[in-house]
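First the structure, in the form of structure tokens, and then the observations on it.
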Amino acid sequence: MRKHIPNALTCGNLICGCMGIIQCFESNLYTAFYWVLLAAAFDFFDGFVARALKVSGEMGKELDSLADVVSFGALPAIILYKMMQPLDPYWAYIGLLVGAFSALRLAKFNLDTRQSEVFIGLPTPANTLLISSLPLVIFQNPTLQPYIENLYFLVGLSLVMSYLLVAELPLLALKFKAWDWKSNTFKYILIGLSAILLLFFQFSAVPMIILLYIILSIIQNQFFKTNNT
């Protein structure tokens, strides 16, 4: 029974993704964000529990990727599609590229041995959190609606995020082998600033946090590159 606990959590991730998709087709894009959060929680804890119980295996790894394709691939693609559909029913299909590139990202992750301590390309949960937060950002800040619910912005976002998913861009992985400040400086900065942003900006903080994550990752890479040369 013990070895099936992480897989059960992974299936919880997948079910949350399905529930989020259902909410999208019922035009409840606000609710879809909460299913994304729950899916992300399951996605974090399945790996954590597998390592704690020492039951990690290839079955769990493959199941995790399949669940992520639904929750962090198909779901954000459908959110973009639903946001663009009232603006242009044909261009709306561009949003589905995010689903395809998310699947490519996950396949690369399974094969890329470089990603044990860092991520290469934007992680699919981070991409999904950014996209799924947009309807709530509009709800919280109605003045931003003309800028976010804009076909050019949404098409551009779909293309940029698709590229970032598979870009050869090293990004921080929030994995702690030790808890000291020196080896985790940028991780602690990210966590601290993210907490402050959430406190002051609530849902609007999510896109800011993802942007901050990318910027801090680039700064860290440049910093260590400079120190090592």
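The set of residues in the range 144-159 that are of a type outside the set (Phe, Trp, Tyr) and surrounded by 12 or more Cβ atoms within 10 Å (Cβ to Cβ) comprises LEU144, GLN145, ILE148, GLU149, ASN150, LEU151, LEU154, VAL155, GLY156, LEU157, SER158, LEU159.
The residues in the range 12-34 that are hydrophobic (A, V, I, L, M, F, W, C) and either more than 13 Å from ALA74 (Cα to Cα) or without any contact (Cβ under 8 Å) to a residue 12 or more places away in the chain (or both) can be counted, and the count is 4. Pairs meeting the criteria (first residue in the range 85-97 and aromatic (Phe, Trp, Tyr), second residue at pLDDT 95 or above, beta carbons under 9 Å, at least 6 apart or on different chains) are TRP91/MET84; TRP91/LEU151; TRP91/LEU154; TRP91/VAL155; TYR93/TYR81; TYR93/MET84.
Going through the range 41-65 one residue at a time, which ones are at pLDDT 90 or above and surrounded by fewer than 16 Cβ atoms within 10 Å (Cβ to Cβ)? Explain how you work it out, then say what you get.
Initial filter on the range 41-65 (at pLDDT 90 or above): 41-43, 63-65.
ALA41, the sole residue that qualifies.
Only a single item in (1) under 24 Å from MET19 (Cβ atoms); (2) within 17 Å of the chain's Cα centre (by Cα) is not met by PHE139, and it is number (2). Among the residues of the range 1-41, the ones that are closer than 22 Å to SER56 by Cα, among the small types (Gly, Ala, Ser) and under 19 Å from the mean Cα position of the chain (by Cα) come to 4 in all. For the range 110-136, the set of residues classified as closer than 19 Å to ALA167 by Cα and buried (at least 19 other Cβ atoms within 10 Å of the Cβ) consists of PHE119, GLY121, LEU122, PRO123, THR124, PRO125, ALA126, ASN127, THR128, LEU129, LEU130, ILE131, listed by residue number.
On the given criteria, is ILE196 under 22 Å from PHE45 (Cα atoms) and either free of Cβ contacts under 8 Å to residues at least 12 places away in the same chain or in contact with a helix residue (DSSP H, G or I) (Cβ under 9 Å, 6 or more places away or on another chain) (or both)? In short, no.
Within the range 192-206, if we keep just the residues that are aliphatic (A, V, I, L, M) and out of contact with any Leu (no Cβ under 8 Å at 6 or more places or on another chain), the residue that is surrounded by the fewest Cβ atoms within 10 Å (Cβ to Cβ) turns out to be LEU199.
The values are calculated or read from the model by the stated rules, or taken from the named source; none is laboratory data. These numbers come from a predicted model, not from an experiment. When we count neighbours, we look across all protein chains shown, and the Cβ atoms used for this are built from the backbone with ideal geometry, even at glycine.
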